[in-house]
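First comes the structure, then the notes that go with it.
The values are calculated or read from the model by the stated rules, or taken from the named source; none is laboratory data. In this text, all values refer to a predicted model and were calculated from it rather than measured experimentally. Glycine gets a Cβ as well: all are built from the backbone with ideal geometry, and neighbour counts include every protein chain shown. These accessible areas exclude ligands, DNA and RNA; they are computed on the full protein's heavy atoms, side chains included. Shrake-Rupley method; radii C 1.70, N 1.55, O 1.52, S 1.80 Å.
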Amino acid sequence: MSGRKPIFVATHPRACSTAFERVFMTRRDILHCVHEPFGDAFYFGPERLSERYEKDEAARKASGFDQVTFKDVVDRLLSPTDNEGKRVFIKDIAHYLLPPNQKPASIAPSLRESHAGALADGTAPNSAGAGGASHSTPAVPNPTVIPLEVLRKFHFTFLIRHPRRAIPSYYRCTVPPLSARTGFHQFIPAEAGYDELRRLFDYLLQEGVISRGRRQPQQQQPHKNEQQNGDDDVPAPANTANIVNGPSSSSSSSSSSSSDDSVPITVIDADDLLDKPAEVVRAFCAAVGIDYRDAMLRWAGDAEGQRLAEAAFAKWDGFHDDAIASCELRARGHAKATPTEEEEDEEWREKYGEEAQKVIRACVDANVADYEYLKSFAIQV
């Protein structure tokens, strides 16, 4: 039943994804939002994949997540105890599911043990991850540490932003003065996340978890305890023609397999979101089966929603200041102009210095192709 699957917005850092998540935090009548849960296991837990805190045991323990496994995260998402029967909405960074630097992936030990004999990928012994825990090698090229049978339980969607916007924004979070709050004291190009997002997308397409032109799921109905406000109820159009775009074949699979439970490809570009928030959110709602309301774009005066947002976003201090301070998602007055490379380089040089400009430029250029590939699937509004 794809209409009740947890919605998983897979993205990369600095894609305006927290602003997008904030929109759906207004729908407490039908949604239970979870903010970046897989980072707990990726950075801090015994099965951690990232090297960022590998030599900082004190930071891992201080996080409170040093014992969190990938199974713990999956269990919390698929069997939540505090969601009051609401549909789960997850916003998370895709590279938290994959080993960095295109290292071979293997199913996380905690999930391998819990799914023994039932993995859709097949397993065999393999080497240890960054945290020292042994993993298992899948027989098919699953790029993640999550079994395919588990990935199928989520309704995957994707949010992207051009590297020329996202990479400098991420760099700023890793240098003073902001790094004093974020705790990220080094820019790691592997955390840009475009390569991992594309490989996850291609794998899900190949396996029929997502597919082209699938029937839209039925709209999610308001929670039984919700008091209706007729002025805000705006049914989303069931226009699938404008939801799915992209090449007629994937670079990884010219004829992706299709499952009866697959969901339509849904990719959102952050610039489209910022230019036309109502249209993009409406189209997204249609794709995932949620009734759209204009009021989703405004949360001024919602004290309880603000309290919940601040509590959720406090997990990554310094990264979400704009989303915390916001009160609405409003269209930009005009489309953002695209600077020349020379103008970009000069801006980055003035802000961060000569060497930093070179690092940023190299990282931007390395990720443009993956961004443009995913952009070719973006919804058109």
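Here are some notes:
- Theoretical gain in end-to-end length, VAL359 to ARG330 [0.36 nm per residue, Cα-Cα removed]: 7.2 nm
- Nitroxide proxy distance, nm - points 7 Å out along Cα→Cβ at ARG298 and GLU310: 2.3
- The solvent-accessible area of GLU344, taken with every protein chain present and a 1.4 Å probe, is close to 10 Å².
- Pairs from LYS61/LYS86; LYS91/LYS276; LYS55/LYS103 whose Cα-Cα separation, in the structure shown, is over 26 Å: LYS61/LYS86
- Accessible surface of the range 1-119, 1.4 Å probe, proportion on carbon and sulfur as whole %: 48
- Protection proxy ranking, highest mean first, for peptides 62-72, 4-14, 353-363: 4-14, 62-72, 353-363, where packing is the per-residue count of other beta-carbon atoms within 10 Å, averaged.
- In the range 12-124, inverting the average of 1/r over every pair of distinct C-alpha atoms gives 15.6 Å as the Kirkwood radius.
- Label-point separation in nm, THR338 to LYS276, each point 7 Å along Cα→Cβ: 1.7
- Carbon and sulfur %, accessible surface of the range 328-373 computed with the full protein complex present, 1.4 Å: 49
- Per residue accessible area of the range 266-381, 1.4 Å probe, in Å²: 47
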